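Taken together, the values in this text are just the output of simple stated rules run on the coordinates, not laboratory data. Being a predicted model, the structure only gives us computed values, none of them experimental. Ideal geometry is used to build each Cβ from the backbone, glycine not excepted, and the neighbour counts take in all protein chains shown.
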Amino acid sequence: MITKRIIPCLDVKDGRVVKGVNFEGLHDVSSPIKLAKYYSDCGADELVFYDITASSDQRQLFTDILCETAKQVFIPLTVGGGINTVADFDRVLKCGADKVSVNSGAIRNPSLIKEAAKLYGDQCVVLSVDIKRVNGVFRVFAKGGREDTGLEAIEWIKRCVADGAGEVVVNSIDTDGVKKGFDLEMLKAVCKAVSVPVIASGGAGKTEDFITLFKELPKVDAGLAASIFHFGEVKIADLKDEMVKHNIPTRIC
Amino acid sequence: MIAIIDYGVGNLFSLSSSFKSIGANTVITGDPEIIRSADKLILPGVGAFSDAADKLRLSGLDKVIIEEAKKGKPLLGICLGMQMLFEKSFEYGEHKGLGLIPGSVVSMKGVIPSELKVPHIGWNGIIFPKDKLRSKIFKYLNQGDHMYFVHSFYATDCEDFVSSKTEYGALLTASAENGNVYGVQFHPEKSGKKGLSILKAFCEL
């Protein structure tokens with residue numbers, strides 16, 4: 001049986017790992033290369049590397065740091081940030097990424113997911129969506145959560161999955177950095193709409209939040225978080241022990 | 001020295017860094033002479049079977065690999081590289097493999113319950129058969145250890161050569177071997193420390 005995945009996320013800016021509250025007030029944590037090695041060794045099931053300002057700065061993702069990071073990672077690696085073209089896919093895959101995450105790029109270039117899925121397979125294309133409630137409606141935000149696109153999130157996700165996105169990362173801006181648990185209402189709406197794996201992101205503050213996530217929403221495949229792992233507030237080994245106690249399929253290493 | 005066979009399919013970066021991390025000396029090569037002089041061979045592969053098999057044949061490396069394997073040189077096929085070790089594959093038509101392990105490669109669709117997604121992607125446990133000796137490449141593993149899988153097709157009609165299975169709605173071949181020829185459907189280079197231990201055990205053969 002496939003296990004539920006625990007995914008630390010490295011938000012990288014200027015070559016360093018950062019994590020903000022509601023995407024503002026970033027503070028420096030550590031070297032992505034060192035953190036990546038630590039997570040690969042300590043039981044993370046996958047790693048996400050986001051160049052968080054590549055999109056808003058309208059530049060390409062830092063491939064040199066990515067390549068160095070990928071050399072230390074012996075678990076699946078997903079890379080995102082500033083992915084706008086199929087050439088960007090090619091570039092990060094050559095650096096050692098296993099999957100490529102698209103966000104703003106898919107909004108700007110509506111054929112990107114279709115083209116990439118055809119070339120590299122659906123399993124390689126991850127749709128990442130930053131979602132915020134606006135007047136009670138789930139809306140897609142772009143550029144690291146700074147710009148309201150006006151798109152309705154569930155319809156957008158359905159369209160991208162139909163185009164070939166093999167996995168969806170749902171990042172709730174409403175719960176991000178708040179540490180009071182994942183956005184179960186939002187995740188439930190996404191799980192109902194698509195059959196590809198759904199990754200929950202935004203809001204985890206403690207071990208119990210992951211247990212609640214997997215127990216309440218069995219269709220969610222993975223939980224993603226950043227600062228609580230980076231600062232050691234939640235240790236992956238302890239989290240996994242707790243998951244096993246709750247009979248959640250878990251990879252122990 | 002271990003030769004990672006480069007025949008123009010997939011990215012060999014992860015494989016070579018994983019061997020480097022365990023201190024093994026590898027070379028990525030498509031040169032028949034280097035492949036002949038290597039101690040051990042790795043056959044990687046991603047994508048479609050027919051495309052990979054054609055590339056291997058066009059490069060002429062298929063004959064070199066078969067010759068070297070028949071001499072007793074340890075060979076490890078990974079993912080599509082594992083599937084290519086079998087006699088044939090039924091991935092979009094019927095295609096000939098290297099024939100180093102008896103058996104064929106078929107779709108898991110129709111074999112596993114329809115509510116399960118294809119491809120089979122993620123971490124899944126591998127189960128060693130109780131009535132067989134544990135494969136030498138799995139000497140550092142425990143029953144049920146998790147490996148990272150990404151595949152839609154799997155090897156069948158190879159029961160005598162199966163060295164582990166994985167449960168995904170049905171028991172699917174996770175690895176197979178025939179003497180010095182080893183194949184793993186999952187990605188040891190992406191399966192954390194446990195996966196690296198398989199590469200280490202292969203280096204120690």
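Compare the Cα positions of A:V161, A:C191, A:G145 along the charge dipole of the stretch A:145-227 (+1 at Cβ of Lys, Arg; -1 at Cβ of Asp, Glu; about the Cα centre) and return the one farthest towards the positive end.
A:C191
Which pairs, out of B:K20/B:K200; A:K37/B:K190; A:K192/A:K219; A:K99/A:K192; A:K245/B:K139; B:K88/B:K190, put more than 18 Å between their alpha-carbon atoms?
From the list (B:K20/B:K200; A:K37/B:K190; A:K192/A:K219; A:K99/A:K192; A:K245/B:K139; B:K88/B:K190), the Cα-Cα distance tops 18 Å for A:K99/A:K192; A:K245/B:K139; B:K88/B:K190.
Per residue and in cubic angstrom, what volume does the convex hull of the Cα atoms of the protein assembly as shown have?
Spelled out: Cα convex hull of the protein assembly as shown, divided by residues, is 131 Å³.
Output the peptides B:187-198, A:191-202 sorted from most to least packed, where packing is the average of other Cβ atoms within 10 Å over each peptide's residues. Could the numbers behind the result be given before it?
On the way: B:187-198: 23.7, A:191-202: 20.2.
Ranking the peptides B:187-198, A:191-202 by packing returns B:187-198, A:191-202.
So what is the relative contact order of the stretch B:76-169, in percent, for Cα pairs below 8 Å that sit 6 or more residues apart?
Contact order relative to length: 31 percent.
By counting other Cβ atoms within 10 Å of each Cβ, how are A:M1, B:M108 ranked from fewest to most? Kindly include the intermediate steps, with their values, before the conclusion.
Working: A:M1 11, B:M108 19.
So the ranking, lowest neighbour count to highest, is A:M1, B:M108.
How many percent of DSSP beta bridges within chain A run antiparallel, rounded to 5?
Numbers: 15 of 47 bridges.
Roughly 30 percent of the DSSP beta bridges within chain A come out antiparallel.
Normalised by the number of residues in chain B, what is the relative contact order in percent for Cα pairs under 8 Å and 6+ residues apart?
Taking the mean separation of contacting Cα pairs over the length of chain B, I get 20 percent.
Using θ = phi - 60° and the Karplus relation 6.51 cos²θ - 1.76 cosθ + 1.60, list the HN-Hα couplings for the stretch A:108-116 in order, rounded to whole Hz, with x at every Gly or Pro.
5, 10, x, 9, 4, 5, 4, 5, 5
Ranking request for peptides A:234-247, B:11-24: highest mean number of other beta-carbon atoms within 10 Å first, then the rest in descending order.
B:11-24, A:234-247
Once fully extended, how much extra length lies between B:E159 and B:V27, figured as 0.36 nm per residue of separation less the alpha-carbon to alpha-carbon distance?
Going from the current span to full extension adds 44.2 nm.
In the stretch B:164-197, whose amide N lies under 18 Å from the spot 7 Å out along Cα-to-Cβ of B:S114? List them in ranges.
The answer is B:169-170, whose backbone nitrogens lie closer than 18 Å to the label point.
Report relative contact order for chain A in percent, whole number only (criteria: Cα-Cα under 8 Å, sequence separation at least 6). Before the final figure, lay out the partial values.
Numbers: 547 pairs, mean separation 46.3, N = 253.
Result for chain A is 18 percent.
Once you list every other residue whose beta carbon is under 11 Å from the beta carbon of B:K73, what net charge do they have if Lys and Arg are +1 and Asp and Glu are -1?
Neighbourhood net charge equals +1.
Nearest 20 debye, what's the magnitude of the dipole of the stretch A:154-253 about its Cα centre given +1 on Lys and Arg Cβ and -1 on Asp and Glu Cβ?
200 debye
With no solvent and one equal point scatterer per Cα, compute the Debye intensity ratio I(q)/I(0) for the stretch B:53-125 at 0.28 Å⁻¹ and report its log10, rounded to two decimals.
Here the Debye-derived log intensity ratios amount to -1.36.
Counting DSSP beta bridges with both partners in the protein assembly as shown, what percentage is antiparallel, nearest 5?
45 percent
Just to be sure I understand the model, the point goes 7 Å from the Cα along the line to the Cβ. What's the resulting B:K63 to B:E94 distance in nm?
Modelled inter-label distance: 2.5 nm.
Taking a virtual spin label 7 Å from the Cα of A:S111 along the C-beta vector, which residues in the stretch A:69-88 bring their backbone nitrogen under 12 Å of it?
A:86
Run the simple label-point estimate for A:D174 and A:K34 please: 7 Å along Cα→C-beta, distance reported in nm.
3.8 nm
Looking at the stretch B:2-203 only, what percent of DSSP beta bridges run antiparallel? Nearest 5 please.
Details: 22 of 40 bridges.
So the antiparallel bridges in the stretch B:2-203 amount to around 55 percent.
Take the alpha carbon gyration tensor of chain A, find the square roots of its eigenvalues, order them as a ≥ b ≥ c, and report rounded if a/c is under 1.5; if not, report prolate when a/b exceeds b/c, else oblate.
Rounded shape, in that the Cα axes give a/c under 1.5.
What residues from the stretch A:91-116 fall in the zone where the backbone N is under 17 Å from a label point 7 Å along the Cα-to-C-beta line of A:E155?
A:107-108, A:110
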